Structure formats: C-alpha cells, structure tokens
Amino acid sequence: MAAADELAFHEFEEATNLLAETPGAATTSRSDQLTSPGHVAVAVGSGSSYGAEDPEEEEGDRTALLQEEKPQPGFWTFGYYQSFFDVDTSQVLDRIKGSLLPRPGHNFVRHHLRNRPDLYGPFWICATLAFVLAVTGNLTLVLAQRRDPSIHYSPQFHKVTVAGITIYCYSWLVPLALWGFLRWRQGVRERVGPYSFLETVCVYGYSLFVFIPTVVLWLIPVPWLQWLFGALALALSAAGLVLTLWPVVREDTRLVAAALLSTVVLLHALLAMGCKLYFFQPLPPEQVAPPAHVTSVVLHTQLPPTVARSVATS
C-alpha cells in the first residue's frame, strides 16, 4: 500500500501558490525541455499567413520534382519531342492572343510561355501560313484572268513547296542564329541572359500568326490596301519580337542592342515583302504572236539590154 501511495498524484502547495499569484504565467513540460537546442518552435496564430505556402506553388514544385525524377528519353526518340507537343487548346489560344496584342512591359516568354515552350503552335502556324500563301497566290491569278482575259493562268503547284521551305527555314534558322549570337554575347557580357532555343523558336512561330489573316486580305485587288494590311501586320509582329527580346539585349551595349533589334525587324520585313511580291505578283499579259501571212512579193527588175536580147533570141 505504501508503494501505491507514493505513485499517486500529489499537489504541491508551492506550485499552487505561485500559479495563484501569477495567473498569466505559462508552464513547460518535461518534453519541451528535452527539445534539441538546435531547433526553435514557432507558434503561428490562425490569422497569420507566415510560413503558409500557396497551393499552386506547392503543386508546381511537386510537378517539377516529379519531372526531375523521371528519366529523360534520348533526343532521337519520339518521347523526347512528345513533351513539346503536350499543350492544350486554351494555352495555344492564349499565346496567339499574346502575339497579336503586344504590350510594353508584358513579356511574351514570361507571361505566356512560363518556361513551357511548345512546338505544336509554331509547327501548325507555319504549315497553315505556307498553305494559305500558295492557295491565295493561285487565286490571285485566277481573279486577275477573269478581269483581263489576256493573262494566261496555269496551276502553280510549285508555290506550295516554295512557301513551305521559306516559312520553315525562316522560323528555324533565324531563331537558331539569334540564339547562338546571344549565347556568344553572354560569354562576353555575363549580364546578358538569352532565352533557350525552344523559347526563341516558339516566339518566332507565334509571331507569324498575324500574317495568316493578312494573306487572305491580300486577295482584295487594291494595291494600296494590300500594302496597308501588310504594314500593319509587320508592325504588330515586329513589335512583339522587339518587346520580347528587349529584356535580354538591354544589358548589352547600345550599339549591339540597336544593331540586333534592327536586324530582327529588317529580316521580318524582308520576309513579308518577299511573300507579297512573289506570291501576289500578277503574270504579264500573254504575248500573242501575229499569224504569219504568206504574201507574194513581185519584184520588178529591169534587165540590162544585153541580157534581155540574149533571153529573146533563146
């Protein structure tokens, strides 16, 4: 019985008196004292948001960790390129809208690509532009022949090949050269940080979308209106490129930045003017050769007297 009494809970009068004198005091348990001195416990009230993470950020971090843990396939396999086509319709439409409405301070890469460039949009934009260029170029000749029968028209299927090669070479080779130049400048000036190659291709691919409706409007047989539509499309597309590239090149020297942006705009203008002049230039009137008329030409020649006398005697 004595052992049971020793194990029973006993109230200590000194502790009771201390609690009565200081009711606001807090007590600590033995487990709190055993806490490692290297750790600090922070109590956060329900109304404070300190230490709370955004669910979207947590989801993004979790997705990034899963992608890092997943083994990356080789670039020679279809699985490597499958991720670049993993995009839904809403994302493509949002990026098209961003390329059509460039705004100062609104970076296309940061606000629309968000470190997830795709090749689905640029691939089909280039394919659609090449097809529309070839079709509307042939339709222009058909309409011109109806207005002027002297114009000879025959289907020009080679324009499909020319348009495809031109558009795809421009949308891949120019971004490649631009990306390589910016990488070289990064080695010269450390503060210059270029976009990735796929981001640069994505920017150029979406910048060409504005030319698709412009090419359709070029069917209107009014030269000054065609050039006006072309100038507006070029201004929108080039402005999107300049506003996207400016945060990258502004850390470089003024001369290099101005020369690079001027080259980008000039190449864009050459592409637009080349398409306008090649695919929408009407054929010259057919040169019809006049029919050959066989006419008898009578030559009246006066023979000398000696020749005439010899002919008469014979």
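Since every read-out is calculated from the coordinates, none of them should be taken as a lab result. Since we're looking at a predicted model, the values are computed, not measured. All Cβ positions, glycine included, derive from the backbone under ideal geometry; neighbour counts span all protein chains shown.
Here are a few things to note about the model shown:
- Cα lying deepest toward the dipole's positive end in the range 94-280, options Leu255, Ala127, Val160, charges on Cβ: Leu255
- Karplus 3J(HN,Hα) series, Hz, for the range 90-98 with 6.51 cos²θ - 1.76 cosθ + 1.60 (x for Gly, Pro): 4, 5, 5, 5, 5, 6, 5, 5, x
- In this structure the amide hydrogen of Ile151, modeled in the peptide plane, comes within under 5 Å of the amide hydrogens of Glu286, none closer than 5 places in sequence on its chain.
- Placing unit charges on each Cβ (+1 for Lys and Arg, -1 for Asp and Glu) gives the range 94-280 a dipole about its Cα centre, and among Met273, Gly137, Trp246 the Cα reaching farthest toward its positive end belongs to Trp246.
- For the range 167-180, putting each phi into the Karplus relation 6.51 cos²θ - 1.76 cosθ + 1.60 with θ = phi - 60° gives couplings of 5, 6, 5, 5, 6, 10, 6, 5, x, 5, 5, 5, 5, x Hz, in residue order, rounded to whole numbers and with x for Gly and Pro.
- Debye-sum result for the range 94-280 in log10 I(q)/I(0), which assumes one identical scatterer on each alpha carbon, at q = 0.15, 0.18 Å⁻¹: -0.87, -1.17
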